[in-house]
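Participant: Sharing a structure with you now.
The values are calculated or read from the model by the stated rules, or taken from the named source; none is laboratory data. Note that the structure is predicted; figures quoted are calculated from it, not measured. Positions of Cβ are generated from backbone atoms using ideal geometry, with glycine treated the same way; all protein chains shown enter the neighbour counts. These accessible areas exclude ligands, DNA and RNA; they are computed on the full protein's heavy atoms, side chains included. Shrake-Rupley method; radii C 1.70, N 1.55, O 1.52, S 1.80 Å.
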Amino acid sequence: MASSTAAREPRQGDDSPYDVEAIRADFPILGSQVHGQPLIYLDSGASAQKPRAVIDAMRLMYEGEYANVHRGAYWLSERSTTRYEEARQTVRGFINAARSEEVVFTMGATDAINLVAYSFGRGLLQAGDEIIISALEHHSNIVPWQILRDERGIVLKVCPITDAGDLDLGALEKLLGPRTKLVAMAHTSNVLGTVLPVETIIKMAHGVGARVLLDGCQAIVHTAVDVQALDVDFYVFSGHKLYGPTGIGVLYAKHELLEAMPPFRGGGDMIASVSFERSVWAEPPAKFEAGTPPIVQAVGLAGAIDYVSAIGLARIARHEADLLSYATQKMTVLPGLTIHGTSTRKAAVISFTMDCAHPHDMATLLDRSGVCIRVGHHCAQPLMARLGVSATARASFALYNTRADVDAFVKALEKVRTFFA
């Protein structure tokens, strides 16, 4: 079921006014109060809230169309299978994959990266081969490669960043070489908001014969992604940051790679045949979707994609860019506040510290004003070390946030300074 906003909003590229209040009305939780204050949700970078369109799509699936997929010879199973595969087709169109078989449903982006590390890394790489990551990566794009390094003798290299939070392309050029087999980097930093120059990175990596994996968790929410235009080899993202449900993510991979890679997990539905002597694998993507898949979650993810597509990603991006600019201006003049990450290519994410309070103390006081932000190392401890801090506070803006949210946030920050003065 489409939401009222999704049904009436123009398609991407339309220049009509952005009706943020109508959009907010599509998110039931945004009418809540916290400690007697209106909810100001500025933590969508960790997990976004869900529109009624997604909630209704999943509820209706459970109530009237649910059964296990691919195995049943009855109408309900056939219907559920159709909805599940339609969701795959929706994802294919959203990222412009060449074919739906290049879309693998996973438990999340972390699961997708681990799939590539296990299957591509253990199946196709050898000791001495090199993988390059960056200094701003999330732990989910660090730890799987460290495990691979320790198990298989893969060489793991780290490309540094500048003080502004940009990738050092000169350093990357020096790190690339004939033994480089994979460059795995974030499309957009979850901490700094930096949008990496992925087109350049991909061309540089392909120039030495390396494959490229992009962690698109933060980027897919803020910008249109065309995997064919990028010519990226692997692209991963999670459903819950894209206004969809938890428990589902996407691995896009070029079909020839999925064909060459061994399975990640064994079990039902990922086989063509099984005997006690040997098993024959199913074709992609089934080869990588062992067991009962996240059926209803896939339908919810498709609903989320339809929702943001109906509003228009270009319109959403303009709205979020305005919020980022407005919040940056308001925060820059606050005494003792430091913004970490000042790239000119930046998504609507602001990480910051204050000289008067620890980030965790800030978050506690902001919560009393109804303001929800994220604090800590943000699963990016090496980046915290590079910044010279143990933790930061992070405000992340989404399609449903307003300038009034920013004003309430800044007012709460002023209360923090007054409290600790």
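Participant: I need the full set of residues from region 80-111 which are over 14 Å from GLY300 (Cβ atoms), of a type in the set (Lys, Arg) and either without any contact (Cβ under 8 Å) to a residue 24 or more places away in the chain or crowded, with 20+ Cβ neighbours inside 10 Å (or both), in order please.
Facilitator: Of everything in region 80-111, just one residue is over 14 Å from GLY300 (Cβ atoms), of a type in the set (Lys, Arg) and either without any contact (Cβ under 8 Å) to a residue 24 or more places away in the chain or crowded, with 20+ Cβ neighbours inside 10 Å (or both), namely ARG92.
Participant: Output the number of residues of region 353-376 satisfying the condition of being open to solvent by 20 Å² or more (accessible area, probe 1.4 Å), in a loop (DSSP other than H, G, I, E, B) and more than 26 Å from ILE311 (Cα to Cα).
Facilitator: Total satisfying the criteria: 4.
Conditions (1) open to solvent by 20 Å² or more (accessible area, probe 1.4 Å); (2) part of a helix (DSSP H, G or I); (3) modelled with pLDDT of 95 or more, marked per residue:
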| residue | (1), (2), (3) |
| --- | --- |
| PHE276 | yes, no, yes |
| GLY300 | no, yes, yes |
| ALA310 | no, yes, yes |
| LYS330 | yes, yes, yes |
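Participant: Next question. Criterion first (of a type in the set (Gly, Ala, Ser), at pLDDT below 95 and open to solvent by 70 Å² or more (accessible area, probe 1.4 Å)) does ALA2 satisfy it? Before the answer, list the steps.
Facilitator: On the way: of a type in the set (Gly, Ala, Ser): yes; at pLDDT below 95: yes; open to solvent by 70 Å² or more (accessible area, probe 1.4 Å): yes.
It is true that ALA2 is of a type in the set (Gly, Ala, Ser), at pLDDT below 95 and open to solvent by 70 Å² or more (accessible area, probe 1.4 Å).
Participant: Of everything in region 60-79, what is closer than 28 Å to GLY216 by Cβ and either assigned to a helix (DSSP H, G or I) or open to solvent by 10 Å² or more (accessible area, probe 1.4 Å) (or both)? Give them in sequence order. Step through it out loud before you land on a result.
Facilitator: Here is the first cut: in region 60-79, the ones closer than 28 Å to GLY216 by Cβ are 61, 69-70.
Once the filter is applied, which keeps residues that are closer than 28 Å to GLY216 by Cβ and either assigned to a helix (DSSP H, G or I) or open to solvent by 10 Å² or more (accessible area, probe 1.4 Å) (or both), region 60-79 yields MET61, HIS70.
Participant: Looking only at region 35-54, decide whether some residue is small (Gly, Ala, Ser), buried (at least 18 other Cβ atoms within 10 Å of the Cβ), part of a loop (DSSP other than H, G, I, E, B) and at pLDDT below 95.
Facilitator: Of region 35-54, the ones small (Gly, Ala, Ser) are 36, 44-48, 53.
So of that shortlist, the ones also buried (at least 18 other Cβ atoms within 10 Å of the Cβ) come out as 44-45, 48, 53.
Then keep just the ones that are part of a loop (DSSP other than H, G, I, E, B); that gives 44-45, 48.
From what's left, at pLDDT below 95: none.
So far as region 35-54 goes, no, none of its residues is small (Gly, Ala, Ser), buried (at least 18 other Cβ atoms within 10 Å of the Cβ), part of a loop (DSSP other than H, G, I, E, B) and at pLDDT below 95.
Participant: Can you pull out every residue in region 201-226 that is among the basic types (Lys, Arg) and touching a strand residue (DSSP E or B) at 6+ places or on another chain (Cβ under 9 Å)?
Facilitator: We begin by selecting, within region 201-226, every residue among the basic types (Lys, Arg); these are 203, 211.
Once the filter is applied, which keeps residues that are among the basic types (Lys, Arg) and touching a strand residue (DSSP E or B) at 6+ places or on another chain (Cβ under 9 Å), region 201-226 yields only ARG211.
Residue-wise test of (1) free of Cβ contacts under 8 Å to residues at least 12 places away in the same chain; (2) over 26 Å from the mean Cα position of the chain (by Cα); (3) on the phi < 0 side of the Ramachandran plot; (4) open to solvent by 10 Å² or more (accessible area, probe 1.4 Å).
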residue	(1), (2), (3), (4)
HIS378	no, no, no, yes
ALA385	yes, no, yes, yes
GLY388	yes, no, no, yes
ALA395	no, no, yes, no
TYR400	no, no, yes, no
VAL416	no, yes, yes, no
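Participant: Go through (1) more than 18 Å from the chain's Cα centre (by Cα); (2) buried (at least 21 other Cβ atoms within 10 Å of the Cβ); (3) not hydroxyl-bearing (Ser, Thr, Tyr); (4) not in a loop (DSSP other than H, G, I, E, B) for MET185 and report which single condition fails.
Facilitator: Among (1) more than 18 Å from the chain's Cα centre (by Cα); (2) buried (at least 21 other Cβ atoms within 10 Å of the Cβ); (3) not hydroxyl-bearing (Ser, Thr, Tyr); (4) not in a loop (DSSP other than H, G, I, E, B), the lone unmet condition for MET185 is (1).
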